[in-house]
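Here's the structure we're looking at; comments come further down.
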Amino acid sequence: MSDIKSRVVSIIIDKLGVEEAEVTTEASFTNDLGADSLDTVELIMEFEKEFNIAIPDDQAENIQTVGQAVSYIEENAK
Amino acid sequence: MELKRVVVTGLGALTPIGNTLEEYWNALLEGKSGAAPIQQFDASKFKTQFACEIKDFKVNDHIDRKEARKLDQFSQYAMVSATEAMADSKLMESEPNTDRIGVIWGSGIGGLKTFQDEHENFLKGDGTPKFNPFFIPKMIADIAAGHISIKYGLRGPNYVTVSACASSTNAIIDAFNLIRLGKADAIVTGGSEAAVNIMGVGGFNGLRALSMRNDSPETASRPFDKDRDGFVLGEGAGALILEDYDHAVKRGAKIYAEVAGGGMSSDAYHITAPHPEGIGARNVMIEALKDAELAPETVDYINVHGTSTPLGDIAEPKAIKQVFGEHSYNLNISSTKSMTGHLLGAAGAIEAIACIMAIKHDIVPPTINHFTDDPEIDNKMNFTFNKAEKRTVDVALSNTFGFGGHNTSAIFKKLK
């Protein structure tokens, strides 16, 4: 697992209270991991903090799965 | 329209002297103090360095970690006490019509710690707002009632009353009124508060409201004692299930007591000081007695507001004498805040519970920490100093008064 992916996964485990095995690349925050809209906003904020990036709202809307989060961060993290 | 009778069918308590109803009641009878040096933050620079905190409480023993994270402490306390009261009442086991069950909760402040944390976070940053999406729904005082309703699917009337230290008595009176008007079959009521934090202790210290007896926390809350020097901040929650009497009988519920009446008034005098002659306090007890259709002579026990402040403890006994006359010397009075500290918006809830348990067991819990009589207080009145007293308690009255001049009295009586 890449460093970015493992950091993303641990944030998700912490905020959503899910097991590591559930946090697959394809897993959707809302459909598979039990997040509601506020949880999703909080996750995005945690990613911003952890990776020191700013994710604009229109980009954030496209981040709905673990894999999408990891790719976005890989492309944008300094 | 004929008003319905309202009874108490479930109780729950999370207090500085006991984390369940049973522990709380036993501690009240033992005369146990809940005061100790503050554990939740470093208070070494504060004028007051002690409080009545909840002890040995692990939130994750009661609430799933993910859920608990979204709840301010005051909501966590609300959930724990409401859950105990609901289980005690066995209400949900009867598969009730949940459209007719409400939640009316009380909190004086709401999520103060959440506010403090989010603001602190903001100040640490570069000015870019990065507020947590749960900040507002964690902090707002009404959210406790929302969470309780979501847990049980209760779709009846739902809100939180805010009247400082009178908050949860207002909640209880509102719940009582709605049920007797036929607007709900049962209501989860009570209140919770969690203000033992930097802003809470610092703020009340700023008001000069708190005792500063740092060398002896457990004797600091000493209502009606000559050397009292302010209240001791407490935290926690109390929950009561109020229910339409017929509804309760039909499902074979255990009944603790009947809610007899409630009174509400205002001092219209000063934002924090009570009226020196206790006019608002006098009026509110008169209103409650009228509402309950009870003569003053029927009251056996008054659980007073009695916060251990210099002014309040003089005004309230004066008001009692004006309302009860000669009977003031026959009834038992006690301030259980001598043991629990002052739970602000939750005070009315845990003190209503003390009244209800006094009725159930025919014992009056004491006012502990009495050392020296105050010549400004008529000590021929029986303040139940230092030791619980057995007596038949058919009728008990609970007073709570809040900053802003809000006064509330609730009366409970033995079911007959």
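The values are calculated or read from the model by the stated rules, or taken from the named source; none is laboratory data. Since the structure is predicted, the reported quantities are computational estimates derived from the model, not experimental observations. Cβ placement follows ideal geometry from the backbone for every residue including glycine, while neighbour counts extend to all protein chains displayed. What goes into the accessible areas is simple: the full protein's heavy atoms, side chains included, and nothing from ligands, DNA or RNA. Shrake-Rupley method; radii C 1.70, N 1.55, O 1.52, S 1.80 Å.
Need the full-extension length gain, B:L123 to B:N330, defined as separation in residues times 0.36 nm minus the C-alpha distance. One decimal, nm.
Numbers: separation 207, 0.36 × 207 = 74.52 nm, distance 5.72 nm.
The span from B:L123 to B:N330 would gain 68.8 nm if fully extended.
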Spelling it out for B:G110: with amide H atoms placed in the peptide plane at 1.01 Å from N, the residues 5 or more places away or on another chain with amide H under 5 Å from its amide H are B:A194
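What's the FRET efficiency of B:S94 with B:N26 using the Cβ-Cβ distance as r and R₀ = 25 Å, to the nearest 0.05? Write down the numbers at each step before the final one.
Values: r = 29 Å, r/R0 = 1.16.
Plugging the Cβ-Cβ distance into 1/(1 + (r/R0)^6) gives 0.30.
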Mind checking the log10 I(q)/I(0) for segment B:6-251 at q = 0.07, 0.12 Å⁻¹? Debye, one equal scatterer per Cα, no solvent, two decimals.
-0.25, -0.72
Debye-sum result for chain B in log10 I(q)/I(0), which assumes one identical scatterer on each alpha carbon, at q = 0.10, 0.12 Å⁻¹
-0.60, -0.87
With all protein chains present, chain B has a carbon and sulfur share of its accessible area (1.4 Å probe) in percent of 52
MRE, 222 nm, helices only [DSSP H, n ≥ 4, -39500 (n - 2.57), over chain B, to nearest 500]:
-9500 deg cm²/dmol
Diffing segment B:398-412: the Karplus 3J(HN,Hα) column from phi (6.51, -1.76, 1.60, θ = phi - 60°), in whole Hz with x for Gly and Pro, holds 10, 9, 9, 10, x, 3, x, x, 6, 10, 9, 9, 10, 10, 10
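Normalised by the residues of segment B:263-413, what does the relative contact order come to in percent, with Cα pairs under 8 Å and at least six apart? Mind dumping the intermediate values first?
On the way: 302 pairs, mean separation 51.7, N = 151.
Relative CO of segment B:263-413 lands at 34 percent.
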A drop of at least 20 square angstrom in accessible area, chain alone versus all protein chains together, probe 1.4 Å. Which residues of segment A:21-43 meet that?
A:L38, A:D39, A:E42
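Taking the Cβ of B:K47 as the centre, find all other residues whose Cβ is under 12 Å away and add up their charges (Lys, Arg: +1; Asp, Glu: -1). Before the final figure, lay out the partial values.
Details: positive: B:K45, B:R208, B:R213; negative: B:D229.
Charge balance in the 12 Å sphere: +2.
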Restricting the calculation to Cα positions, tell me the Rg (one decimal) and the Dmax (whole number) of segment A:1-76 in Å.
11.0, 29
Between B and A, accessible area buried - total, square angstrom, nearest 100, 1.4 angstrom probe:
900
Compute the signed sum of charges (Lys and Arg +1, Asp and Glu -1) over the other residues within less than 14 Å, Cβ to Cβ, of A:S6.
-3
Calculated from backbone phi, Karplus (6.51, -1.76, 1.60) coupling profile of segment B:12-24 in Hz, x at Gly/Pro:
x, 8, 10, 10, x, 10, x, 8, 9, 3, 5, 4, 4
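Quick one: divide the alpha-carbon radius of gyration of segment B:1-130 by 2.2 N^0.38 Å and tell me what you get. Please report the intermediate quantities before stating the final value.
Values: Rg = 18.9 Å, N = 130, 2.2 N^0.38 = 14.0 Å.
Normalised Cα radius of gyration, segment B:1-130: 1.35.
Starting from the alpha-carbon convex hull of the protein assembly as shown, give the projected area averaged over all orientations, in nm².
Quarter of the Cα hull surface area: 25.0 nm².
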Segment B:58-135 and segment B:289-368 have their Cα centres apart by a whole-number Å value of 30
Nearest-20 debye value, segment A:1-76 charge dipole, Cβ charges on Lys, Arg, Asp, Glu
160
Once Lys and Arg get +1 and Asp and Glu get -1 on their Cβ, which of B:S89, B:L29, B:T48 lies farthest toward the positive end of the dipole of segment B:1-110?
B:T48
With unit charges on the beta carbons (Lys and Arg positive, Asp and Glu negative) and the dipole taken about the Cα centre of segment B:257-416, which residue among B:I363, B:L397, B:N386 sits farthest to the positive side?
B:I363
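Please work out how much length the chain gains when fully extended from B:I255 to B:I271, using 0.36 nm per residue of separation minus the C-alpha to C-alpha distance, in nm with one decimal.
Working: separation 16, 0.36 × 16 = 5.76 nm, distance 3.87 nm.
Working it through step by step, the gained length comes to 1.9 nm.
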Counting only protein heavy atoms and rolling a 1.4 Å probe, one gets per residue an accessible area for chain A in Å² of 55
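Using the crude model of +1 on Lys and Arg Cβ and -1 on Asp and Glu Cβ, and no other charge, please compute the dipole size for segment B:79-224 relative to its Cα centre, in debye to 20.
Working: 13 positive and 15 negative charges, 51 e Å.
Rounded to the nearest 20 debye, it is 240 debye.
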Dipole of the protein assembly as shown, Cα-centred, from +1 at each Lys and Arg C-beta and -1 at each Asp and Glu C-beta, to the nearest 20 debye?
1380
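Taking the Cβ of B:G12 as the center, what net charge do the other residues with Cβ under 12 Å away carry, scoring Lys and Arg +1 and Asp and Glu -1?
Details: positive: none; negative: B:E22, B:E23, B:E84, B:D88.
Net charge around B:G12: -4.
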Residues with amide H under 5 Å from that of B:G182, placed H, sequence gap 5 or more
B:K4
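Please give the peptides B:338-346, B:82-90 ranked by average Cβ packing (other Cβ atoms within 10 Å per residue), highest first, as a rough proxy for protection.
On the way: B:338-346: 32.6, B:82-90: 22.1.
Sorting B:338-346, B:82-90 by mean packing, highest first, produces B:338-346, B:82-90.
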If one computes the Cα centroid of segment A:25-59 and of segment B:194-261, what distance in Å separates the two points?
41
For segment B:228-242, what does the Karplus curve 6.51 cos²θ - 1.76 cosθ + 1.60, with θ = phi - 60°, yield as ³J(HN,Hα) per residue in whole Hz, taken in order and with x for Gly and Pro?
5, 9, x, 8, 10, 5, x, 8, x, 7, x, 10, 10, 9, 9
